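Working notes for the structure below.
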Amino acid sequence: QQQVKQSPQSLIVQKGGIPIINCAYENTAFDYFPWYQQFPGKGPALLIAIRPDVSEKKEGRFTISFNKSAKQFSLHIMDSQPGDSATYFCAASSTNFGNEKLTFGTGTRLTIIP
Amino acid sequence: DGGITQSPKYLFRKEGQNVTLSCEQNLNHDAMYWYRQDPGQGLRLIYYSQIVNDFQKGDIAEGYSVSREKKESFPLTVTSAQKNPTAFYLCASSWTGSTYNEQFFGPGTRLTVL
């Protein structure tokens, strides 16, 4: 019940395209869903996050779509750029005090071709 | 500058040796975490601590040990009992009891067993 399943494992998109990365979870207690971006040799950094009371959140070119009934959420990158090439991780947690552990997906290596 | 520091950046160890990875934060965060990252497996939680002098095992604690004597510090010892210690180790910290569980990550330590 703690798993977060992420797909695809890798993705190659031309500049300007819209890569989409999908995640699915099982634990209905999860109520916080962040996406992290990681460049090679660096630690991950929070990109955008959503709570299940909204179905979509946009920050700049990044959008999270959330489907509570399907227990799925996805990351869309508009007008993708070569600088977006990185590994992206979805994650989930419950914000109840004492249970702040994040459960991470296995990551998606995104390459944007100029 | 506020943030998380990890040292060393690269670490080489002979089989049978214990080694300690350093993690320090000046963000005044209560919670700290250690993750292991292997290619294609995402981030796996080793240990976490939500308060000084207390810590809990994560999903892959065997062969590792931690201490939390100070709020700012959460060192990880990789013992000789860890059968496959070569990996990228990431430390993170966060607030506890907040609405959002944003974890801030350090730059990581790459451990190689020779």
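Read the figures in this text as sums done on the coordinates, not as results from a lab. The structure displayed is predicted, hence computed values, not measured ones. We place every Cβ from the backbone using ideal geometry, glycine too, and count neighbours over all the protein chains shown.
Structure data summary
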{"quantity": "Neighbour-count order for A:Ser85, B:Ser93, fewest beta carbons within 10 angstrom listed first", "calculated": "A:Ser85, B:Ser93"}
{"quantity": "Residue mean of other protein chain beta carbons inside 10 Å, B:42-53", "calculated": "3"}
{"quantity": "Dipole in debye (nearest 20) - segment A:44-114, about Cα centre, beta carbon charges: Lys, Arg +1; Asp, Glu -1", "calculated": "180"}
{"quantity": "Magnitude of the charge dipole, chain B, Cβ model with Lys/Arg +1 and Asp/Glu -1, debye to 20", "calculated": "380"}
{"quantity": "Within 10 Å of each Cβ in B:103-110, the average number of Cβ atoms from other chains", "calculated": "4"}
{"quantity": "31 Å Cα-Cα threshold exceeded, pairs from A:Lys5/A:Lys42; B:Lys14/B:Lys57; A:Lys15/B:Lys57; A:Lys58/B:Lys9", "calculated": "A:Lys15/B:Lys57; A:Lys58/B:Lys9"}
{"quantity": "Length added when fully stretched, B:Ala81-B:Gln17, from 0.36 nm per residue minus Cα-Cα", "calculated": "22.1 nm"}
{"quantity": "Label-point separation, A:Ala29 to B:Ser73 (7 Å along Cα→Cβ), nm", "calculated": "3.4"}
{"quantity": "Sequence of A:Ile64, A:Ile12, B:Ile46 once ranked by neighbouring C-beta atoms within 10 Å, starting from the fewest", "calculated": "A:Ile12, A:Ile64, B:Ile46"}
{"quantity": "Three-way shape label, segment A:10-113, alpha-carbon gyration tensor, a/c 1.5", "calculated": "prolate"}
